[in-house]
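The values are calculated or read from the model by the stated rules, or taken from the named source; none is laboratory data. All values derive from a computational prediction rather than experimental measurement. Because the Cβ atoms are built from the backbone with ideal geometry, glycine has one as well, and the counts that use them run over all protein chains shown. Quick note on the areas: whole protein, heavy atoms, side chains included, nothing else; ligands and nucleic acids left out. Shrake-Rupley method; radii C 1.70, N 1.55, O 1.52, S 1.80 Å.
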Amino acid sequence: MPRHDGRAANQLRPLKFKRGYASAAAGSVLVEWGGTIVLCTASVGTDVPPWLAGKGRGWVTAEYNMLPGSTSPRKARKPDGRSTEIQRIIGRSLRAGVDLTALGERTITVDCDVLRADGGTRTASITGGWVALRDAIASLTDETGAPAFAPTAIVGDGCPLRDTIAAVSVGLVNGEPALDLDYPEDSTAAVDMNVVATGAGELIEVQGGGEGTTFRRDQLSAMLDLAMEGLTKITATQLAA
């Protein structure tokens with residue numbers, strides 16, 4: 001059965017990154033992913049959490065928030081369990097791609113603010129958060145004011161980034177696996193799943209469950225295959241940006 005917006009089962013929504021969107025942040029990107037828009041900013045601090053003090057390691061953490069007008073009805077300006085869960089997922093995912101020892105005793109906080117929500121806000125936050133994180137790391141300097149890491153480095157070359165990180169949603173829509181769910185699909189899917197992976201194809205997180213139904217092992221494999229296919233395209237778009 002065709003998807004409501006005419007996309008093929010393995011087709012992503014249009015994905016665009018606008019880097020440098022917030023000039024005050026060390027790294028920033030406006031992510032436009034279909035109808036979802038998220039502003040990701042990365043800020044650098046010189047302190048680390050108390051349990052890391054003096055250990056020569058840095059930290060990467062995240063905060064996530066949906067602005068009141070990002071959805072209808074209005075989203076209240078107060079923390080809730082969903083936002084706390086999502087920001088932990090974002091932080092955990094981004095740390096998987098960073099050598100915290102190479103980062104040194106710094107904390108990078110990635111703030112993800114949803115301006116418009118049409119499904120996939122957490123996957124857009126992780127994917128855009130990596131771009132903002134990469135730019136923040138490229139902006140770091142040593143005690144002499146020289147670049148701490150090769151400014152053109154994306155991964156490797158002494159850069160703390162070990163790999164790219166991206167995320168995408170997948171689910172069972174009308175009984176068939178479908179990639180990158182928008183809100184109408186996400187809200188009615190029999191199964192909704194979020195997959196986070198490195199550019200090398202190693203899984204970081206797989207979150208999914210049936211919505212009042214069950215699913216088979218072969219359907220799980222089909223959804224994961226679809227997600228990995230999509231993540232390859234997403235990573236290429238990140239690197240092109």
**OP:** Mind listing whichever residues of segment 88-129 are closer than 18 Å to GLN207 by Cβ and either of a type in the set (Lys, Arg) or open to solvent by 50 Å² or more (accessible area, probe 1.4 Å) (or both)?
**Re:** ARG88, ARG92, ARG95, ARG122
**OP:** Report yes if LEU226 is open to solvent by 30 Å² or more (accessible area, probe 1.4 Å), more than 19 Å from GLY129 (Cα to Cα), at pLDDT 95 or above and assigned to a helix (DSSP H, G or I), otherwise no.
**Re:** no
Original post:
What is the number of the single condition among (1) outside any loop (DSSP other than H, G, I, E, B); (2) at pLDDT 95 or above that THR101 does not meet?
Top reply: (2)
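GLY230 - would you say it is farther than 17 Å from ILE86 by Cα and touching a Pro at 6+ places or on another chain (Cβ under 8 Å)? It would help to see each step written out before you state the result.
Values: farther than 17 Å from ILE86 by Cα: yes; touching a Pro at 6+ places or on another chain (Cβ under 8 Å): no.
Judged against the criteria, GLY230 is not a match.
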Original post:
Restricting to segment 160-204, what's the tally of residues that are open to solvent by less than 30 Å² (accessible area, probe 1.4 Å) and over 17 Å from GLN238 (Cα atoms)?
Top reply: 14
**OP:** Scan segment 20-35 for residues that are touching a Gly at 6+ places or on another chain (Cβ under 8 Å) and more than 21 Å from ASP118 (Cβ to Cβ) and report the count.
**Re:** 1
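Quick check on this structure: which one of PRO50, PRO68, PRO14 is in contact with a Gly (Cβ under 9 Å, 6 or more places away or on another chain), surrounded by fewer than 17 Cβ atoms within 10 Å (Cβ to Cβ) and free of Cβ contacts under 8 Å to residues at least 40 places away in the same chain?
Answer to the check: PRO14.
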**OP:** Identify the single condition in (1) open to solvent by 70 Å² or more (accessible area, probe 1.4 Å); (2) without any contact (Cβ under 8 Å) to a residue 60 or more places away in the chain; (3) in a loop (DSSP other than H, G, I, E, B); (4) farther than 29 Å from SER187 by Cα that ARG74 does not satisfy, given that it satisfies every other one.
**Re:** (4)
Original post:
Which ones in segment 172-219 are in a strand (DSSP E or B), without any contact (Cβ under 8 Å) to a residue 60 or more places away in the chain and farther than 19 Å from SER125 by Cα?
Top reply: LEU172, VAL191, GLY209, GLY210
